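Visitor: Please find one structure pasted underneath; my questions will follow.
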Amino acid sequence: MSTVYPISSVQPKPATNAPSADASGNNSLNEDTFLTLLVAQLKYQDPMNPADSTQFLTQTAQFTEVETLQKMAKQQEVQQAASQVLAASTMIGRPVTYSLTANGGSGSPTPTHTMSIRGSLPKDATVGSKATATADVFTNQGAKVSLELDFTKTATGWTVQASNHGAKLGSPVPIAFDASGDHSSNDLTIPSAALDGIVGTSGSWPATGITLAFGAANDPTRLQLQSGPATVVVAEQDGNDGQSATGIVTGVHLTADGPMLVIGGQQIPYTSITDVQS
């Protein structure tokens, strides 16, 4: 899991659909246009056949109505932008699902290269104690595959065994912890040869396999040995099917186009979010 950053201090400029000047400098219809037309009508009316007063009052009323509606529309846009900023800020630290195609994405799948493992394992657990973390990972073709990580307490520490619907993939690998209970060695890898054991996926995995990332030393959520029950989970995995992806929001940037959520080091438009997990 990445470090959570605060919301940036840049003040957002709400997008607006209200009439405004275009790039050529020509104004679309707005209250100024109506006022200009009314003044022109009075200025150039035939003095022998002046505008009907009733018609003039009707036009004035229409002008007032249009002006009021435009002000209401602008207020609603400002309120909507503020609501988006508030909603985006509540997503920090939470897993979300977002569309990859809503904002012009290519739709090409990305295979899973890394699974981020976070939480804790019981330091006083008895030999044979177990804990499991699960996640869906993706092949080179974007096929979604269920993967389980089974943690087992041994006489010398903890091991992790990858499996798919109970079928073991490779052999259990020991996880080294230092005296303080922190994971003390490099991240582990599930080799592609082991992943090929998943039915129907042989040759569909990255050549480097899938890395199990347990967190850097400065990450407070890194995998650790602690008292209490096991809380180990797969916080994130970096693969997707090309249509949608999941990740944890680590920050919010306020831009002229609305809030941008920081997910996996990328800026994802707030409007692309399709699901927020608790």
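Visitor: Out of curiosity, is LYS153 among the basic types (Lys, Arg) and without any contact (Cβ under 8 Å) to a residue 40 or more places away in the chain? Steps first, please.
Guide: Numbers: among the basic types (Lys, Arg): yes; without any contact (Cβ under 8 Å) to a residue 40 or more places away in the chain: yes.
Answer is yes for this residue.
Visitor: Okay, moving on. In the range 222-238, how many residues are within 22 Å of GLY181 (Cα to Cα) and assigned to a loop (DSSP other than H, G, I, E, B)? Don't jump to the end; show me each part of the working.
Guide: Of the residues in the range 222-238, the ones within 22 Å of GLY181 (Cα to Cα) are 222-235.
Then drop every residue that is not assigned to a loop (DSSP other than H, G, I, E, B), which leaves 222-223, 227-232.
Counting residues in the range 222-238 that are within 22 Å of GLY181 (Cα to Cα) and assigned to a loop (DSSP other than H, G, I, E, B) gives 8.
Visitor: So in the range 152-184, with the set limited to residues that are out of contact with any Asp or Glu (no Cβ under 9 Å at 6 or more places or on another chain) and among the polar types (S, T, N, Q), which one is modelled with the lowest pLDDT?
Guide: Out of the qualifying residues, it is SER180.
For every residue, the table says whether it meets (1) touching a residue at least 40 places away in the same chain (Cβ under 8 Å); (2) surrounded by 13 or more Cβ atoms within 10 Å (Cβ to Cβ); (3) among the acidic types (Asp, Glu).
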position: LYS168; (1), (2), (3): no, yes, no
position: SER180; (1), (2), (3): no, no, no
position: HIS183; (1), (2), (3): yes, yes, no
position: ALA194; (1), (2), (3): no, yes, no
position: VAL252; (1), (2), (3): yes, yes, no
position: LEU261; (1), (2), (3): yes, yes, no
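Visitor: Would you be able to tell me the number of residues in the range 239-274 that are of a type outside the set (A, V, I, L, M), over 21 Å from ALA133 (Cα atoms) and in a strand (DSSP E or B)?
Guide: Within the range 239-274, residues that are of a type outside the set (A, V, I, L, M), over 21 Å from ALA133 (Cα atoms) and in a strand (DSSP E or B) number 11.
Visitor: What residue, among those in the range 180-221 that are among the aliphatic types (A, V, I, L, M) and part of a loop (DSSP other than H, G, I, E, B), is farthest from the chain's Cα centre (by Cα)?
Guide: Taking the range 180-221 as the starting set, the residues that turn out to be among the aliphatic types (A, V, I, L, M) are 188, 190, 193-195, 198-199, 207, 210, 212-213, 216-217.
If we keep only those that are part of a loop (DSSP other than H, G, I, E, B) as well, we get 198-199, 207, 216-217.
Values: ILE198: 29, VAL199: 31, ALA207: 27, ALA216: 22, ALA217: 25 Å.
Top of the filtered list is VAL199.
Table: residues versus (1) part of a strand (DSSP E or B); (2) under 30 Å from the mean Cα position of the chain (by Cα).
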| site | (1), (2) |
| --- | --- |
| GLY142 | no, yes |
| SER146 | yes, yes |
| PHE151 | yes, yes |
| VAL173 | yes, no |
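Visitor: How do the strands (runs of 3 or more DSSP E) wholly within the range 81-138 filter down when requiring 2 or more residues that are without any contact (Cβ under 8 Å) to a residue 60 or more places away in the chain, on the phi < 0 side of the Ramachandran plot and surrounded by 16 or more Cβ atoms within 10 Å (Cβ to Cβ): which remain? Lay out the reasoning, then the answer.
Guide: Details: elements: 95-99, 114-118, 120-122, 130-138.
The strands (runs of 3 or more DSSP E) meeting that bar number zero.
The values are calculated or read from the model by the stated rules, or taken from the named source; none is laboratory data. Quick caveat, the model's predicted, so the values are computed rather than measured. For neighbour counting, all protein chains shown are included, and Cβ atoms are generated from backbone atoms with ideal geometry for every residue, glycine included.
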